[in-house]
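A.B. asks: Following this message is one structure expressed as structure tokens.
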Amino acid sequence: MRRDTEQCRIDAAVALRQPQRMRACFGLIVGLVLVVGGGCTRTFKGKVVQPNPLANPTETLRQSEKITIVTGDMELEAPAPPEATQRVAPVRNHHYPLYNQASFTIVSRDRLRFHVQVDHKWQEWADLRTWEVSLEDDSGRRWEPEAVEHATTKIMTTMWDREQRTAVRNRFGDIVSINDDGFKNRQTLGSLSVFRGKADFVFYQRDLFHANVRKLRLVVKRPGEVFEFTWNFADAVASQ
């Protein structure tokens, strides 16, 4: 993300505009982007509706639904793959998706374990030990994690083959075929690397979770970026 005094750009599809302080902030997520103050803070929200796991414990799993928030970065692009009927296709880059996820397991009424994943181009940002995490419920109670466990960060590399071929066009300029002459001008392989961080956040308090809880919200944040994962509990089929 590049910043200056006049413009802050965010790689995303949803945008909120504020005059004067910034000309545009763009967001690509399943959720909402908020721009705060003179800086540029991205707030990504995802939510799900599911039955309360303790309302009918014999019928409901003690594992929550997983919430996925897909983000992107203006510096991370990869070519779209050819169609199923094609061997090759002209290069059309798209934003590489970054998958940020959260779910939780009910260890007991007093203890919840949240499984969190963050993808980022920078290793430090993918390390979930560098993020601030908190949990809230519908009655306004708030907790900080008792422990952070199983924190890992790994690099993921995607590679693709590139060839420079000549195209055959019709009289309207449309490509009708591509010659198999890539051997004439060999190209290096294309590649893209991102980091994926995972960790478990453990929350503990007497009667932390019970059958009357209607909502849980997990907030994962650091300066400039916030993820909000919300579970709404109702007698309905889980839906994002």
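The values are calculated or read from the model by the stated rules, or taken from the named source; none is laboratory data. Since the structure is predicted, the reported quantities are computational estimates derived from the model, not experimental observations. Reconstructed Cβ throughout: ideal geometry from the backbone, glycine too, with neighbour counts over all protein chains shown.
A.B. asks: Filter the range 55-83 down to residues that are of a type in the set (G, A, S) and over 30 Å from V107 (Cα atoms) and give me whichever is modelled with the lowest pLDDT. I'd like the intermediate steps shown before the answer.
C.D. replies: Going through the range 55-83, the residues of a type in the set (G, A, S) turn out to be 55, 64, 72, 78, 80.
Right, trim to over 30 Å from V107 (Cα atoms) and you get 72, 78, 80.
Values: G72: 91, A78: 79, A80: 74.
Taking the candidates together, the pick is A80.
A.B. asks: Please pick out the residue among V107, V88, V48 that is at pLDDT below 85, surrounded by fewer than 20 Cβ atoms within 10 Å (Cβ to Cβ) and out of contact with any Ser or Thr (no Cβ under 6 Å at 6 or more places or on another chain).
C.D. replies: Answer to the check: V88.
A.B. asks: Contact list please: Cβ distance under 7 Å, first residue in the range 195-219 and within 30 Å of L76 (Cβ to Cβ), second residue surrounded by 16 or more Cβ atoms within 10 Å (Cβ to Cβ) and among the hydroxyl-bearing types (S, T, Y), pairs at least six apart or on different chains.
C.D. replies: Note: pairs meeting the criteria are F195/T153; G197/T153; R217/T230.
A.B. asks: Next up: When you check D119 against the structure, is it under 28 Å from L54 (Cβ atoms) and among the acidic types (D, E), yes or no?
C.D. replies: Working: under 28 Å from L54 (Cβ atoms): no; among the acidic types (D, E): yes.
Spelling it out, it is not the case that D119 is under 28 Å from L54 (Cβ atoms) and among the acidic types (D, E).
A.B. asks: Can I ask one more? Kindly state which strands (runs of 3 or more DSSP E) lie completely within the range 116-197 and contain at least 3 residues that are surrounded by 10 or more Cβ atoms within 10 Å (Cβ to Cβ) and at pLDDT 95 or above.
C.D. replies: Qualifying strands (runs of 3 or more DSSP E): 132-137, 147-160.
A.B. asks: Would you point out the residue of the range 92-115, among those that are in contact with a Phe, Trp or Tyr (Cβ under 9 Å, 6 or more places away or on another chain) and not in a strand (DSSP E or B), that is farthest from E146 (Cα to Cα)?
C.D. replies: Per the stated criteria, the residue is R109.
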